[in-house]
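As structure tokens, the structure follows; a few thoughts come after it.
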Amino acid sequence: MNFTQRLHLLTALLLVFSIAGKSQKSFTAQEKSAECEKIKAACLHAWKGYKKYAPGFDALKPISKTGHNWYGTSFLMTPVDAFDTFYLLGLTNEANEAKEMVISSLNFNVDAEVQLFEVNIRLLGGLLSSYELSQDRRLLELAKNLGTRLLPAFNSPTGMPYRFVNLKTGKTRDPLSNPAEIGTYLLEFGKLTGLTGDSTFYRVAKQAAFEVFKRRSDIDLVGTTIDVNTGEWKNTESQIGARIDSYYEYLFKAWLLFGDTDCKQAWEIHNKAIKKYLLTEVPSGCYFTRVDMKSGKETHSLYGALDAFYAGILALSGDSATARKIQKGNFYMWKKFHPEPEEFNFRTGRVTDPSYALRPENIESCFYLYRATKDQAYLWMGQQMINDILTKCKTEAGFSQVKNVKTLELSDSMESFFLAETLKYAYLLFAPEEVVDLGKIVFNTEAHPLRMTSDK
Ligand code: DMJ
């Protein structure tokens with residue numbers, strides 16, 4: 001064992017002892033409620049900043065105190081993404097303000113090329129959950145309008161969607177895509193089918209996801225880049241994070257939400273392969289490594305903030321034993337750098353991308369693990385992560401992403417998922433379970449709650 005490995009082992013042991021010690025102590029109802037209040041205050045601070053400095057924009061730039069639009073024109077990403085968080089947190093005024101902005105100004109009849117994946121998970125997902133929570137039919141009309149404008153993206157020779165589509169003309173571009181940007185429509189499009197009676201939505205979404213599935217390797221893994229025109233893999237590296245993550249997530253969740261057994265079987269096949277070829281145990285915890293999809297041989301031992309979500313999926317699926325091991329690695333990654341980096345080498349400890357984008361996945365996994373096990377350790381972990389975010393990322397106008405977790409230099413961006421996901425999961429970790437019944441709703445990958453239509 002060399003010096004770096006010994007140092008790693010020592011840090012990991014210290015971490016385990018500190019969490020094990022704290023996990024003896026249970027959070028009281030009062031302490032949990034104090035955590036909830038802290039998170040509500042953070043939500044209000046972020047929303048106040050958005051309203052003051054970036055009203056009507058997609059997102060707030062919290063350092064320059066201006067607004068930012070993704071596609072030249074605004075699609076109100078922040079209010080759409082934030083509505084259901086406000087609703088669940090009981091912030092009724094803020095929920096009404098967000099809804100009012102959306103109803104009065106959101107318009108999709110715009111000559112703008114949008115990225116299908118992002119618009120689907122944030123806007124379509126947000127509108128659908130907002131409709132289900134508020135029962136305001138204008139939100140459903142907007143969702144249907146948007147869903148219809150996204151359909152031309154699926155007109156490729158394989159049925160796998162192009163990455164970009166023009167909302168007005170239906171013109172598409174960018175055939176080099178990836179499993180996440182191809183397979184992350186099952187929940188929103190399926191819900192739209194359920195609510196409108198138009199089967200087209202779920203049909204195209206399911207075909208797209210299964211075009212990826214049928215191109216899996218002999219060892220049941222998928223790669224990172226695929227050409228939607230030819231169906232050929234262009235990058236055969238398999239991993240669990242960026243560009244693949246929510247493809248797996250949606251196969252499992254489409255089973256939960258709609259009871260689709262094809263999706264369940266596909267997820268089980270992938271999950272078995274993921275656990276066999278990617279799951280790697282080192283002294284500091286378990287991580288998912290990167291391998292070649294055909295040989296299963298390791299390509300890079302990299303892991304990061306996005307990969308952390310899978311512990312939550314496993315906990316939700318009933319495999320808490322594996323989820324616990326992964327969360328040990330997730331928390332190690334957080335504590336070693338606090339906040340966690342976008343990517344690091346879990347064998348050497350070297351950081352390969354030092355940014356922290358205010359991402360939710362690590363806290364999200366604490367939430368699912370706490371719900372599944374009731375182990376206080378996950379509350380302690382979540383509390384430390386939340387405290388780091390609220391102290392290190394807070395600015396006068398809102399919360400900022402971190403450019404470098406070592407220097408804590410901030411960058412001028414507060415993505416809408418901070419309100420949609422990070423603060424929502426943080427709150428739900430400490431809130432009474434009745435706020436969200438996981439037997440009745442399924443969160444899309446942007447944490448928008450959708451009502452189950454199966455009894456799974
Ligand atoms: C979100 O937009 C979604 O969770 C997506 O699946 C991954 N990236 C961000 C959050 O990190």
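The values are calculated or read from the model by the stated rules, or taken from the named source; none is laboratory data. Please read these numbers as outputs of a predicted model, since none were measured by experiment. FYI the Cβ positions are ideal-geometry reconstructions off the backbone, even for glycines, and counts take in every protein chain you see. The protein model used for the area step is the full one, side chains on, heavy atoms only, and it has no ligands, DNA or RNA in it. Shrake-Rupley method; radii C 1.70, N 1.55, O 1.52, S 1.80 Å.
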What number of residues in region 346-356 are open to solvent by 30 Å² or more (accessible area, probe 1.4 Å), assigned to a strand (DSSP E or B) and more than 16 Å from the ligand (Cβ to nearest atom)? 1
Where GLU342 falls short, out of the listed (1) touching a strand residue (DSSP E or B) at 6+ places or on another chain (Cβ under 6 Å); (2) open to solvent by less than 30 Å² (accessible area, probe 1.4 Å): (2)
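Yes/no per residue for (1) in contact with a Leu (Cβ under 7 Å, 6 or more places away or on another chain); (2) part of a loop (DSSP other than H, G, I, E, B); (3) free of Cβ contacts under 8 Å to residues at least 24 places away in the same chain; (4) within 16 Å of the ligand (Cβ to nearest atom):
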position	(1), (2), (3), (4)
LEU358	no, yes, no, yes
GLU364	no, no, no, yes
PHE367	yes, no, no, yes
MET381	no, no, no, no
ASN387	no, no, yes, no
GLU421	no, no, no, yes
ALA426	no, no, no, yes
LEU429	yes, no, no, no
Return a yes/no flag: does region 396-407 have any residue that is under 15 Å from the mean Cα position of the chain (by Cα), closer than 22 Å to ASP58 by Cβ and within 15 Å of the ligand (Cβ to nearest atom). no
Condition test on ARG173, is it open to solvent by 40 Å² or more (accessible area, probe 1.4 Å), out of contact with any Lys or Arg (no Cβ under 6 Å at 6 or more places or on another chain) and within 16 Å of the ligand (Cβ to nearest atom)? no
So which residues in region 371-389 are surrounded by 21 or more Cβ atoms within 10 Å (Cβ to Cβ) and farther than 14 Å from GLU35 by Cα, if there are any at all? ALA377
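So that you can scan it fast, the table gives a plain yes or no per residue for (1) touching a residue at least 40 places away in the same chain (Cβ under 8 Å); (2) farther than 17 Å from THR184 by Cα; (3) within 16 Å of the ligand (Cβ to nearest atom); (4) buried (at least 17 other Cβ atoms within 10 Å of the Cβ):
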position	(1), (2), (3), (4)
GLU211	yes, no, no, yes
LYS214	no, no, no, no
ILE226	yes, no, no, yes
TRP233	yes, yes, no, yes
ALA242	yes, no, yes, no
SER246	yes, no, yes, yes
ALA266	yes, no, no, yes
ILE269	yes, yes, no, no
LYS275	yes, yes, no, no
Can THR184 be described as among the hydroxyl-bearing types (Ser, Thr, Tyr) and in contact (Cβ under 8 Å) with a residue 60 or more places away in the chain? yes
Within region 308-345, work out how many residues are basic (Lys, Arg) and either over 23 Å from GLU268 (Cβ atoms) or within 16 Å of the ligand (Cβ to nearest atom) (or both). 3
Take ALA98 and tell me if it is under 17 Å from PHE418 (Cβ atoms) and either in contact with a Gly (Cβ under 8 Å, 6 or more places away or on another chain) or surrounded by fewer than 23 Cβ atoms within 10 Å (Cβ to Cβ) (or both). no
Single unsatisfied condition, MET333 versus (1) among the aliphatic types (A, V, I, L, M); (2) in contact with a Ser or Thr (Cβ under 8 Å, 6 or more places away or on another chain); (3) crowded, with 24+ Cβ neighbours inside 10 Å; (4) more than 20 Å from LYS424 (Cα to Cα): (2)
Can you tell me which residue within region 99-128, out of those that are aliphatic (A, V, I, L, M) and free of Cβ contacts under 8 Å to residues at least 40 places away in the same chain, is farthest from PRO161 (Cα to Cα)? ILE103
Would you be able to say whether some residue in region 199-220 is in a loop (DSSP other than H, G, I, E, B) and touching a Leu at 6+ places or on another chain (Cβ under 9 Å)? no
Considering TYR310, TYR287, which residue is in contact with a strand residue (DSSP E or B) (Cβ under 9 Å, 6 or more places away or on another chain), closer than 25 Å to LEU257 by Cβ and at pLDDT 95 or above? TYR310
Regarding GLU118, is this residue of a type outside the set (Lys, Arg), surrounded by fewer than 24 Cβ atoms within 10 Å (Cβ to Cβ), assigned to a helix (DSSP H, G or I) and within 16 Å of the ligand (Cβ to nearest atom)? yes
Out of LYS325, LYS335, which single residue is charged (D, E, K, R) and under 11 Å from MET385 (Cα atoms)? LYS335
Among the small types (Gly, Ala, Ser), touching a residue at least 24 places away in the same chain (Cβ under 8 Å), in a helix (DSSP H, G or I) and open to solvent by 20 Å² or more (accessible area, probe 1.4 Å) - does that describe any residue in region 302-325? yes
Scan region 143-184 residue by residue and report those that are among the hydroxyl-bearing types (Ser, Thr, Tyr), assigned to a loop (DSSP other than H, G, I, E, B) and closer than 25 Å to ILE240 by Cβ. THR158, TYR162, THR184
Determine which member of the set ALA29, ALA42 is without any contact (Cβ under 8 Å) to a residue 12 or more places away in the chain, hydrophobic (A, V, I, L, M, F, W, C) and away from the ligand (no atom under 16 Å from the Cβ). ALA29
So which residues in region 121-160 are within 16 Å of the ligand (Cβ to nearest atom) and not basic (Lys, Arg), if there are any at all? ILE121, LEU123, LEU124, GLY125, GLY126, LEU127, LEU128, SER129
